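In what follows, a single structure is set out as structure tokens and then discussed.
The values are calculated or read from the model by the stated rules, or taken from the named source; none is laboratory data. Everything numeric in this text was worked out from a predicted model, so none of it was measured. All Cβ positions, glycine included, derive from the backbone under ideal geometry; neighbour counts span all protein chains shown. Accessible surface is based on the protein model in full, side chains and every heavy atom, while ligands, DNA and RNA are left aside. Shrake-Rupley method; radii C 1.70, N 1.55, O 1.52, S 1.80 Å.
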Amino acid sequence: MDTKFARRTERIGRTTCSYWRAGRCNRNPCRFLHIETPSPPAACGYGNTAYSYGKKPHSFSENTLKYGSKKALLRDNGDRGDATRVAKAFKKSSPRICKYWINNNCVHGEQCLYLHSWFRGDGFSTVTKLQEHKKVITGIALPVGSDKLYSGSTDGTVRIWDCHTGQCAKVINLGAEVTSLISEGSWIFVGLQNAVKAWNIQTMSEFTLDGPKGRVRAMTVGNNTLFAAAEDGVIFAWRGSSKSDSPFELVASLTGHTKAVVCLAVGCKMLYSGSMDQSIKVWDMDTLQCTMTLNDHTDVVTSLICWDQYLLSSSSDRTIKVWACIEAGSLEVIYTHTEENGVVSLFGMPDAEGKPILFSSCRDNSVHMYELPSFSERGRLFAKKDVALIELGPGGLFFTGDESGLLMVWKWLEVPKVASS
């Protein structure tokens, strides 16, 4: 009995703690090792699985370092300096953020195999994190001339942030999920279940716009008209009114989609709507009539933006499509970019040098940044969960809001000018 116990104890003493490897061991002392142990020499003919299958051995270059070979190299190399260099090489080839670092409990430091940063790339940086919302952030707005930032969430609140201190100055509890939020002039529009709330931040007046059925998933303003997309597939349109009871008048209900409309965009005197029915509809903003339907996506159309004379659309089918006007006003796809995961949302803005940058939020908790029109990757932003929306601010600032309720503030960095000789 004592011999068996001794052998078992000896085996445990030579075994590396699996919880320590994952950064989660909380035992002190722990009966397993908190170091990597070298692998035993392999028998002849089985020393390299790649050779056994007639394949070439793995290369340990920064571009081809894979998870399996990376672990083997760390086991076989007892030098901590080499392990750190391998970890850095792996970070470059696999841009994944460390989920333990996000929660401030990674124990590996520089030897961690994943990124300890909220971004990868040059020319931009984080400013601060605003973590007050408890659920998905569905709207961010910074009204012109205001020093307050507004954010809405499915936690049922609208938070008002002081732009000078970064502190939450006020919380408005609406008692229902906020499913969209935008600003136009002195107005804040909040999308709710079966209604839109309109707040004037100058007069402090408030109005409720009834009509939508279900959650208001998207809103936009164009041609002096407020458009609100509802869960039943109908888009409601309000314009200014001289009536005393309300400054808004419902002028049209745009029907045609068979499922919820989840995104809207305005450009070239047209309104574009994307739906869960996998289609994009084009509406004339003067007549408010549908002029064409685009059916190239094979899943939910998640986002639409207008850039120059082009329409860009994204979908859960993992594609971003670029549309252009060809003949007789018809739109056709001139380029399709494919992501590894479904696309959540798109946003476009210029960088500090004025170059157009496309932000593509994907279902991998990251935002890919591309230079237009080349689609060459500029960098990547990371989040706790999928980034639901991106919004532009003043002075080179921009904002991202994710599905965990984390609101991040970012800033474009000025490129230093080279003095002429």
Query raised in the report: Looking only at residues in the range 287-324 that are among the β-branched types (Val, Ile, Thr) and part of a strand (DSSP E or B), which one is farthest from the chain's Cα centre (by Cα)?
Result: Thr291
Requested in this report: Determine whether Glu340 is of a type in the set (Asp, Glu), exposed (fewer than 14 other Cβ atoms within 10 Å of the Cβ) and in contact with a Lys or Arg (Cβ under 9 Å, 6 or more places away or on another chain).
Outcome: yes
Query raised in the report: In the range 267-276, is there at least one residue being assigned to a strand (DSSP E or B), polar (S, T, N, Q) and either under 23 Å from the mean Cα position of the chain (by Cα) or more than 26 Å from Val178 (Cα to Cα) (or both)?
Result: yes
Query raised in the report: Within the set of pairs 6+ apart or on separate chains, which have a first residue in the range 262-276 that is open to solvent by 50 Å² or more (accessible area, probe 1.4 Å), a second that is among the hydroxyl-bearing types (Ser, Thr, Tyr) and part of a loop (DSSP other than H, G, I, E, B), and C-beta atoms under 9 Å apart?
Result: Met276/Thr258
**Report entry** Which listed residue, of Gly240, Gly214, Gly191, Gly274, is of a type in the set (Gly, Ala, Ser) and out of contact with any strand residue (DSSP E or B) (no Cβ under 6 Å at 6 or more places or on another chain)
**Finding:** Gly240
Query raised in the report: Given the conditions (1) within 26 Å of the chain's Cα centre (by Cα); (2) open to solvent by less than 40 Å² (accessible area, probe 1.4 Å); (3) small (Gly, Ala, Ser), which single one is not true for Ala198?
Result: (1)
Query raised in the report: Does Met408 satisfy being part of a strand (DSSP E or B), surrounded by fewer than 22 Cβ atoms within 10 Å (Cβ to Cβ) and touching a residue at least 40 places away in the same chain (Cβ under 8 Å)?
Result: no
Query raised in the report: Looking only at residues in the range 283-307 that are touching a strand residue (DSSP E or B) at 6+ places or on another chain (Cβ under 8 Å) and of a type in the set (D, E, K, R), which one is least open to solvent (accessible area, probe 1.4 Å)?
Result: Asp284
Report task. Determine whether Val127 is surrounded by fewer than 20 Cβ atoms within 10 Å (Cβ to Cβ) and in the same structural domain as Asp364 (by the TED database). Result -> yes
Report task. Write out, first by first residue and then by second, each pair whose Cβ atoms fall under 7 Å of each other, whose residues are 6+ apart or on separate chains, and whose first residue, in the range 344-367, is over 22 Å from Gln309 (Cα atoms) while the second is part of a strand (DSSP E or B) and polar (S, T, N, Q). Result -> Val344/Thr302; Val344/Ser361; Ser361/Ser345; Val367/Ser360; Val367/Ser361; Val367/Thr400
Query raised in the report: Which of the following residues is closer than 23 Å to Ala218 by Cβ and over 9 Å from the mean Cα position of the chain (by Cα): Glu353, Glu327, Glu391, Glu377?
Result: Glu391
**Report entry** Positions within the range 250-261 being over 29 Å from the mean Cα position of the chain (by Cα) and buried (at least 20 other Cβ atoms within 10 Å of the Cβ), in sequence order
**Finding:** Leu254
